[in-house]
Amino acid sequence: MRATRVSLVGFVLFGLLGCQNVSKLEFSRLGSRAAWQHPERVVDVLALEPGQTVADLGAGEGYFLPYLSNAVGANGKVYAVEVDAELVQELERFVADAGLENVQVVRGEFEDPMLPDGAIDVLFTVNTFHHIEDQAPYFARLRERDLRPSGRVAILEPNQDLGGVLSLFQNAGHWSRSADVVDALQAAGFQHTTSHDFLPVQIFEVFAPLENPADARTERAQSRE
């Protein structure tokens, strides 16, 4: 009872301090990541289809893997990419323990996720974009080598422009602005297709590869002159 009262008081204070994104929290799941991550809804809006291939770039401890695995089904494939050897081992244990037979753990490199060429329908990355150096060239290589022409890139990142009390729960420097993500992906030859705003502490941007990215870059450069 005491914990419940503390939680209620905390959220009243959030409201008084003008933190509008508190209303986006899922109160029935307080105390878990799901309260603010909304994993089912995130995967639902991606509209993944059975048999598709998804890459979880920077899969971390594997939080999204069961959701992605279920969405693409037994005939689909999920690549869980990490660059750290210990994380790769942890992911392999997690995948085995969870019985995720359609998930393959991949040890990527900092400049190359080591994905099969032209096989990826959706490249999905959560809280990883800000760790990538030379973001535009990195995603350009993904577009050229790994992503299908009909593929998409979905980027979830801690929101650098988040205001109010919820911003106190972010790690300074471990975030991005929507505008910066869009600029980097457009420079990499993608078009920005969708922004989702239902996450309380993250941005959620979706992109598709352009047919003629060189022409698009020229148009962007000319528009800025």
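Could you tell me which numbered condition Val95 fails, if it satisfies all but one of (1) crowded, with 21+ Cβ neighbours inside 10 Å; (2) in contact with a Phe, Trp or Tyr (Cβ under 9 Å, 6 or more places away or on another chain); (3) part of a helix (DSSP H, G or I)? If we test Val95 against (1) crowded, with 21+ Cβ neighbours inside 10 Å; (2) in contact with a Phe, Trp or Tyr (Cβ under 9 Å, 6 or more places away or on another chain); (3) part of a helix (DSSP H, G or I), just (2) comes out false. Which members of segment 43-84 meet the condition of being in contact with a strand residue (DSSP E or B) (Cβ under 7 Å, 6 or more places away or on another chain), in a helix (DSSP H, G or I) and buried (at least 20 other Cβ atoms within 10 Å of the Cβ)? Matches in segment 43-84: Leu46, Leu65, Leu68, Ser69, Val72. The number of residues in segment 50-74 that are more than 18 Å from Val95 (Cα to Cα) and in contact (Cβ under 8 Å) with a residue 40 or more places away in the chain comes to 1. Restricting attention to segment 162-186 and to residues that are of a type outside the set (A, V, I, L, M, F, W, C) and at pLDDT 75 or above, the residue that is least open to solvent (accessible area, probe 1.4 Å) turns out to be Ser176.
Against the list (1) part of a strand (DSSP E or B); (2) of a type outside the set (Lys, Arg); (3) open to solvent by 20 Å² or more (accessible area, probe 1.4 Å), the condition Glu133 fails is (1). The number of residues in segment 139-152 being touching a Pro at 6+ places or on another chain (Cβ under 9 Å) and either open to solvent by less than 60 Å² (accessible area, probe 1.4 Å) or farther than 12 Å from Gly189 by Cβ (or both) comes to 9. Filtering segment 36-55 for residues that are at pLDDT below 95 and on the phi < 0 side of the Ramachandran plot leaves a non-empty set.
In the set Asp134, Asp146, only one residue is in contact (Cβ under 8 Å) with a residue 60 or more places away in the chain and acidic (Asp, Glu); that residue is Asp146.
The values are calculated or read from the model by the stated rules, or taken from the named source; none is laboratory data. Predicted model, so just to flag it, every value in this text is computed and none were measured. Every residue, glycine among them, receives a Cβ derived from its backbone with ideal geometry; neighbour counts consider all protein chains shown. We work out accessible area using only protein heavy atoms, side chains counted, and drop any ligands, DNA or RNA first. Shrake-Rupley method; radii C 1.70, N 1.55, O 1.52, S 1.80 Å.
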